[in-house]
Amino acid sequence: MAEEFDLEHASTGNMFRQAVSEDSGLGEKVRSWLDAGKLVPDELTARVVGELVLERWQSFILDGFPRTIPQAEMLDGMLREREQSLDAVLYFDLEEETAIERLTGRLVCKECGENYHRLFMPARRCGVCDRCGGELSVRTDSSKEVVRDRLAEYDEKTRPLVPYYERRGLLRRVDASQGPDAVSRETRALLTGLTARQQT
Ligand code: AMP
């Protein structure tokens, strides 16, 4: 969808996983948090977004960032310095049980970071990425225990962002309990509305 709307896709999870797989300095720092399903510290995460996203691109979808109020405040500050602002925040609204089902079946392409699900969004050829032909692997954070910890972190640290962005009039809800096609349709309609607004 980023390609369709001519935006860069900036996923902090993908950036961290790539750093881990390349054994870079950043990868070494973040590996233990990723494996445990814990959030990487706010300062480090915001610095990565500043350097790898805001310094390089003008128009982007931030995927998985911010995940805490301090991250959102740092993002506001970094955008203000650049005289930029957020157009909208998409909230994919989902029951916890469905989230658990989806998080425990995830596969990721080792090459391009594309996500799949064993049952709900399988690759056309088992174990092979549809997009780049890379090998799919089970995410290290997809075990039941780690998923439970990730959701506990979500409740404590990420959920407060819903009222935070609602108060600023930026929150747009997507009913994520639907299948991938319907979720894509709703998301596309929202993005179309936003880009149309920018052009007027
Ligand atoms: P994701 O692919 O977005 O589910 O992220 C995978 C993992 O990367 C998370 O469980 C965290 O360990 C780390 N991570 C990704 N984004 C953030 C963020 N905004 N703040 C802190 N940690 C993050």
Problem - Residue selected from region 16-42 under the condition within 8 Å of the ligand (Cβ to nearest atom) and at pLDDT 95 or above, by the criterion surrounded by the fewest Cβ atoms within 10 Å (Cβ to Cβ) - result: PRO41
Problem - Residue identified as in a helix (DSSP H, G or I) and exposed (fewer than 14 other Cβ atoms within 10 Å of the Cβ) among GLN198, GLN178 - result: GLN198
Exercise for the section: May I ask you to list the residues in region 55-110 that are among the small types (Gly, Ala, Ser) and assigned to a helix (DSSP H, G or I)? Expected result: ALA72, GLY77, ALA99
Handout entry: Scope region 39-54; condition part of a helix (DSSP H, G or I) and closer than 19 Å to LYS157 by Cβ; matching residues
Key = ASP42, GLU43, LEU44, THR45, ALA46, ARG47, VAL48, VAL49
Completion exercise
Within region 1-15, restricting to residues that are assigned to a strand (DSSP E or B) and more than 10 Å from the ligand (Cβ to nearest atom), the one that is surrounded by the most Cβ atoms within 10 Å (Cβ to Cβ) is ALA10
Exercise for the section: Could you list all residues from region 109-155 that are in contact (Cβ under 8 Å) with a residue 40 or more places away in the chain, among the charged types (D, E, K, R) and over 26 Å from GLN71 (Cα atoms)? Expected result: LYS110, LYS144
Practice task
With respect to THR68, determine if the residue is of a type in the set (Ser, Thr, Tyr), under 20 Å from LEU161 (Cα atoms) and surrounded by 13 or more Cβ atoms within 10 Å (Cβ to Cβ).
Solution key: yes
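The values are calculated or read from the model by the stated rules, or taken from the named source; none is laboratory data. These numbers were taken from a predicted model, which means no experiment stands behind them. All Cβ positions, even for glycine, are placed from backbone atoms using ideal geometry, and neighbour counts span all protein chains on display.
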